[in-house]
Amino acid sequence: MTTSSSPEPVPVPIRVLLPGDQEVVARLWSRRQTGDGWRYEVGLPAYRNGPGDSVEPAEYRFWVRAPDHVRPVDGVSYDAVPTEYLPPPSPVQRALGPRRPSGWVLAKAGGRGPGRGGVVHAVDCEEAPSGAPVLPLERALDAAEQPGVRLCSLCGAAAELDPVLKGFEHGFGEPG
């Protein structure tokens, strides 16, 4: 087992916003950048029951969203707080931009039996029904081939799935 020569991080005070409009001063141990913002690991002072009838000091640690649930304490420097940043995007990621979530959903039309129709949407389409099962590509293509089912043009499902359904030559002057 190797030992680190770097000292243990020393937590700094931070205000934590609790439910019910309560605010307490806790200790900030670390912070982590995520895809949707920042998370701060805070330690909230508390007591716990010890052996017998004793009560001892304790700390309850948890992660909160920043700045939604934390506020700085005036005069405190946060420069030494251990901070984990997201890795920088690769040149390919920078060139292509963010990727959309994978998968497709089928918004079924009313009615019963074959040919009742529906619309295939990308999983992140604002017209996609919430809670619908996410379909992999093969199942989305099977659904799209059913009578009465169309592909959403709002989210690009039509542009992405049509070439696969009709063949990639479609649109390049070749008969499709």
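Worth pointing out:
- Residue within the stretch 45-53 that is under 14 Å from Val25 (Cα atoms) and touching a residue at least 12 places away in the same chain (Cβ under 8 Å) present: yes
- Where strands (runs of 3 or more DSSP E) fall wholly inside the stretch 1-104, the ranges with 2 or more residues that are basic (Lys, Arg) are 22-34, 37-49, 55-66.
- Unmet criterion (only one of (1) over 30 Å from Ala157 (Cα atoms); (2) under 19 Å from the mean Cα position of the chain (by Cα); (3) touching a residue at least 24 places away in the same chain (Cβ under 8 Å)) for Glu41: (3)
So that you can scan it fast, the table gives a plain yes or no per residue for (1) open to solvent by 90 Å² or more (accessible area, probe 1.4 Å); (2) basic (Lys, Arg):
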| residue | (1), (2) |
| --- | --- |
| Arg27 | yes, yes |
| Gly35 | no, no |
| Val42 | no, no |
| Arg48 | yes, yes |
| Val55 | yes, no |
| Phe62 | no, no |
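- Condition met for Tyr78 (aromatic (Phe, Trp, Tyr) and in contact (Cβ under 8 Å) with a residue 60 or more places away in the chain): yes
- Residue in the stretch 12-21 that is on the phi > 0 side of the Ramachandran plot, open to solvent by 90 Å² or more (accessible area, probe 1.4 Å) and either within 28 Å of the chain's Cα centre (by Cα) or without any contact (Cβ under 8 Å) to a residue 24 or more places away in the chain (or both) present: yes
A quick yes/no check of all residues on (1) more than 26 Å from Glu84 (Cβ to Cβ); (2) modelled with pLDDT under 95:
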residue	(1), (2)
Thr3	no, yes
Pro7	no, yes
Gly20	yes, yes
Val24	no, no
Arg27	no, no
Ser30	no, no
Glu56	yes, no
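- Selection count, the stretch 64-80, where residues are closer than 13 Å to Val25 by Cβ and either open to solvent by less than 70 Å² (accessible area, probe 1.4 Å) or in contact with an Asp or Glu (Cβ under 8 Å, 6 or more places away or on another chain) (or both): 4
The values are calculated or read from the model by the stated rules, or taken from the named source; none is laboratory data. Keep in mind that what you see is a predicted model, and the values were worked out from it rather than measured. Here Cβ is always computed from backbone atoms with ideal geometry, including for glycine, and neighbour counts include all displayed protein chains. Surface accessibility is based on the protein's heavy atoms, side chains included, excluding ligands, DNA and RNA. Shrake-Rupley method; radii C 1.70, N 1.55, O 1.52, S 1.80 Å.
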